[in-house]
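Right, one structure below, let's go through it.
The values are calculated or read from the model by the stated rules, or taken from the named source; none is laboratory data. Just so it is clear, the model here is predicted, and its values are computed rather than measured. Cβ placement follows ideal geometry from the backbone for every residue including glycine, while neighbour counts extend to all protein chains displayed. Note: accessible area is taken over every heavy atom of the protein model, side chains too, but ligands, DNA and RNA are not part of it. Shrake-Rupley method; radii C 1.70, N 1.55, O 1.52, S 1.80 Å.
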Amino acid sequence: MKKKFIISLLICFSLQHVFAQIPTQAEIDKMMKQANDAMKKYGNDSLVNKSMKDAKEKQAQVSEAMKNQKTNNNTGTNSVYNSDPGSYGNVDNWKFPPKNIALLSALPKKVFTKTELVIFLDDLYTQLSKKMPAGVASSVQSMVAQYKNDGNKMGDAAVFGWYTSHKEEAILLIIKAAALKPDNGLLLNNCAALLNMSGIEQKAIPILKYVLQSYPNNAMLLNNLGQAYAGLGETDTAMIYFGRCIKISPEHPEACGTAGQIEATKGNTEKAVQYFEKSIKKAYSTPAALKLSKIKKDAKLLRLIRPRIKLPVYFNFFKYDLPAQCISTDDAVRADAEHKAFRKMIDIQSKAFGAKYAELVQKKTQRAMQIMNANGVGRVVNKNEFIAQPYYTMCNIMARDVLSEYEKELAEFHSKTVKVYAAEMAVLESEYQQKYRIMMNAFEARCPGGEGASHVNCPTEEEICKAKNELANAYLPKFAYLTEEMQKKAKLIFGTYFDELVYWHYLVLHPISNDDFKIKFYEFIEQYLVMMGGICQTKIIEPCEFKPITTTKESNNIKDVTCPLDLGISFIIGHIELDCDKFSIEGGEGLKFKYEKDFKTRQSTMNIGIGIGLDLGYGVEIGAAEYAFIKFDGDGRYSDAGIKTEASVEAGVGNVKVKAEVGSTLGIESGWDFNEGPFKYFLVPAPEVQQNKNVKIYKGG
């Protein structure tokens with residue numbers, strides 16, 4: 001079985017994440033490239049430059065210090081570093097090693113004290129040094145001297161060395177670092193994790209148990225302990241630690257994955273399926289997916305890999321409906337005004353989102369500079385913090401590919417579609433101008449100039465104007481058709497890719513920082529708005545009399561698209577309403593219920609309570625109800641709950657009726673809200689309201 005341990009990476013340029021899977025050499029190289037790019041980006045900033053310079057020096061030091069002769073560095077053939085044969089292949093052959101009674105019996109009977117831990121680590125260092133190839137111990141001693149016994153730096157270097165194929169040196173170096181810093185929980189965890197991955201779990205368990213005393217609710221430590229016991233074949237004890245881990249982090253991918261395999265080997269298929277599904281929900285892994293599909297024939301990843309997305313703002317790009325094209329001279333004034341108003345509104349909207357984008361970028365830059373220190377090390381992970389990006393590798397690939405396709409289509413639109421559109425419009429314009437000249441020449445021929453010339457056949461202004469309009473009206477629909485086709489292609493690009501761009505970039509960026517996701521989100525919106533402003537155009541041929549109109553402020557506002565749906569159905573003891581904003585259903589006699597879903601905010605409210613309704617005759621009806629309510633946010637999570645009361649009276653004759661209501665709401669989160677009714681100030685004067693903030697209410701006396 002593949003061991004799934006978690007190491008907290010403390011290399012300066014990758015400190016923000018705790019990876020659940022081991023990065024490749026290519027990923028390590030990518031990290032360093034990002035560090036170099038960052039140094040270029042921030043220009044002459046001394047603090048950032050120094051941090052990046054230290055990072056590069058650390059990389060060089062680690063690589064140089066860990067260089068041994070190839071003949072002495074045979075990690076590829078060392079049995080303790082063999083890759084897991086069960087990760088791929090026939091899942092029926094996956095099994096845990098037999099219980100190693102000897103190693104389990106040799107485990108310390110009690111948790112170490114700090115002194116005992118240091119002695120244990122020093123003794124382990126001595127034992128392993130004797131087993132390592134010649135030159136490894138001296139290489140490690142050289143690094144210890146270079147880092148002047150700084151355990152933190154040595155620990156960082158050891159993790160880096162492990163992932164760059166210097167495994168023997170890494171093991172010795174991190175053991176030495178842990179002995180120097182026995183109070184550093186993350187360093188001790190990393191030391192135990194490397195020992196686990198080396199196949200010597202019996203040495204990792206005492207270290208993890210020591211750290212667990214200080215951090216009993218740390219899911220990372222509990223998972224590593226469970227994996228260590230599983231590696232020794234003690235699956236019952238492993239499940240105890242996995243159980244504690246999963247109680248804290250219900251969808252912990254590594255703990256759930258191995259727990260699922262343990263249950264599968266015991267024949268507990270139903271429990272195994274539950275664990276595998278939880279694991280995949282949090283972070284996709286090939287072994288979990290293969291095993292799930294083997295034991296559950298109808299397993300579908302689609303319903304597991306579909307997290308909810310919380311958008312920074314509600315953005316409905318369907319609201320940005322382009323103005324209608326000008327298809328006749330009679331339409332010129334309207335088209336001219338609407339297109340100018342739309343472009344002005346787009347400019348305002350674009351600047352607003354652009355300002356949010358710029359503010360977040362500045363904030364991110366400042367934050368990046370603040371978390372850097374002179375040693376090139378960023379923030380330290382909190383003791384109970386588990387940072388992992390769900391489906392990180394897959395989502396990164398999807399986000400990259402979707403963005404690539406989107407940018408490719410945008411580039412082709414500008415280089416091809418716009419070019420073809422401009423050429424076609426130019427040809428049509430030339431054709432129109434040619435016919436216009438022929439027409440005007442014919443009018444001039446009917447009325448030759450010169451003194452004494454006859455003006456009997458000269459065309460009137462009305463005739464010329466009519467001919468101009470007829471020619472224009474014959475060509476305006478052609479111009480409009482070409483423009484609309486261009487606009488459709490542009491809008492299709494955004495309509496096709498916007499949801500996917502937001503979806504995959506959310507999964508990649510949100511776990512790192514919500515601000516990082518917002519930056520990308522606002523960037524996509526701004527690109528759309530700029531595009532809409534660019535394609536908002538129409539060919540206008542002015543009539544003989546053309547008087548432009550000035551648009552009002554209100555004409556620049558985005559208005560909701562008219563909703564084609566407005567449904568209300570009453571049944572014996574209830575009522576249903578449905579439109580584009582919300583859905584609601586209510587009913588009941590005595591025991592009442594009501595459910596409402598808001599499509600814009602995605603919030604929903606459920607009410608249940610008691611109520612009465614009486615018809616007193618003479619057109620008078622009264623009603624009263626008391627509800628217990630609970631509200632859920634757009635992600636289906638609890639947001640508020642409480643008690644709501646309502647009372648109403650309705651009176652009138654025929655279709656002329658007057659209704660008055662009073663009520664109150666007491667919410668746990670929202671507090672007290674009372675609808676005082678329409679008659680409160682009938683018998684006492686209402687308080688004055690200040691109408692102008694610059695003119696205070698006059699108080700006599």
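Observations on the model:
- Within segment 464-497, the residues that satisfy the criterion of being over 18 Å from residue 422 (Cα atoms) and small (Gly, Ala, Ser) are 467, 472, 474, 495.
- Qualifying residue in segment 284-291 (condition: open to solvent by less than 20 Å² (accessible area, probe 1.4 Å), at pLDDT 90 or above and not polar (S, T, N, Q)): no
- Candidates 541, 512, filtered to the one that is in a loop (DSSP other than H, G, I, E, B), at pLDDT below 90 and over 19 Å from residue 321 (Cβ atoms): 512
- Only one entry in 475, 391 is touching a Lys or Arg at 6+ places or on another chain (Cβ under 9 Å) and at pLDDT below 90, namely 391.
- Of all residues in segment 570-609, exactly one satisfies the criterion of being modelled with pLDDT of 70 or more, of a type in the set (Val, Ile, Thr) and open to solvent by 60 Å² or more (accessible area, probe 1.4 Å), namely 608.
- Unique match (being in contact with a helix residue (DSSP H, G or I) (Cβ under 7 Å, 6 or more places away or on another chain), crowded, with 19+ Cβ neighbours inside 10 Å and among the aliphatic types (A, V, I, L, M)) among 121, 103: 121
- Annotation: of all residues in segment 69-117 being farther than 30 Å from residue 213 by Cα and acidic (Asp, Glu), the one that is modelled with the lowest pLDDT is 84.
- Members of segment 150-164 found to be in contact with a Cys (Cβ under 9 Å, 6 or more places away or on another chain) and either farther than 12 Å from residue 175 by Cβ or modelled with pLDDT under 85 (or both), listed by number: 156
- Filter result for residue 231 (touching a residue at least 60 places away in the same chain (Cβ under 8 Å) and buried (at least 23 other Cβ atoms within 10 Å of the Cβ)): yes
- Leading residue by the ranking (modelled with the highest pLDDT) among those in segment 273-283 that are under 15 Å from residue 394 (Cβ atoms) and of a type outside the set (Lys, Arg): 279
For every residue, the table says whether it meets (1) free of Cβ contacts under 8 Å to residues at least 60 places away in the same chain; (2) in a helix (DSSP H, G or I); (3) open to solvent by 80 Å² or more (accessible area, probe 1.4 Å).
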{"site": "411", "(1), (2), (3)": "yes, yes, no"}
{"site": "431", "(1), (2), (3)": "yes, yes, no"}
{"site": "437", "(1), (2), (3)": "yes, yes, yes"}
{"site": "457", "(1), (2), (3)": "yes, no, yes"}
{"site": "487", "(1), (2), (3)": "no, yes, no"}
{"site": "494", "(1), (2), (3)": "no, yes, no"}
{"site": "504", "(1), (2), (3)": "no, yes, no"}
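- Of the residues making up segment 131-157, just one is without any contact (Cβ under 8 Å) to a residue 12 or more places away in the chain and on the phi > 0 side of the Ramachandran plot, namely 148.
So that you can scan it fast, the table gives a plain yes or no per residue for (1) among the polar types (S, T, N, Q); (2) under 28 Å from residue 518 (Cα atoms); (3) touching a residue at least 24 places away in the same chain (Cβ under 8 Å); (4) open to solvent by less than 60 Å² (accessible area, probe 1.4 Å):
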| residue | (1), (2), (3), (4) |
| --- | --- |
| 318 | no, yes, yes, no |
| 321 | no, yes, yes, no |
| 325 | yes, no, yes, yes |
| 329 | yes, no, yes, yes |
| 333 | no, no, yes, yes |
| 342 | no, yes, yes, yes |
| 349 | yes, yes, yes, yes |
| 352 | no, yes, no, yes |
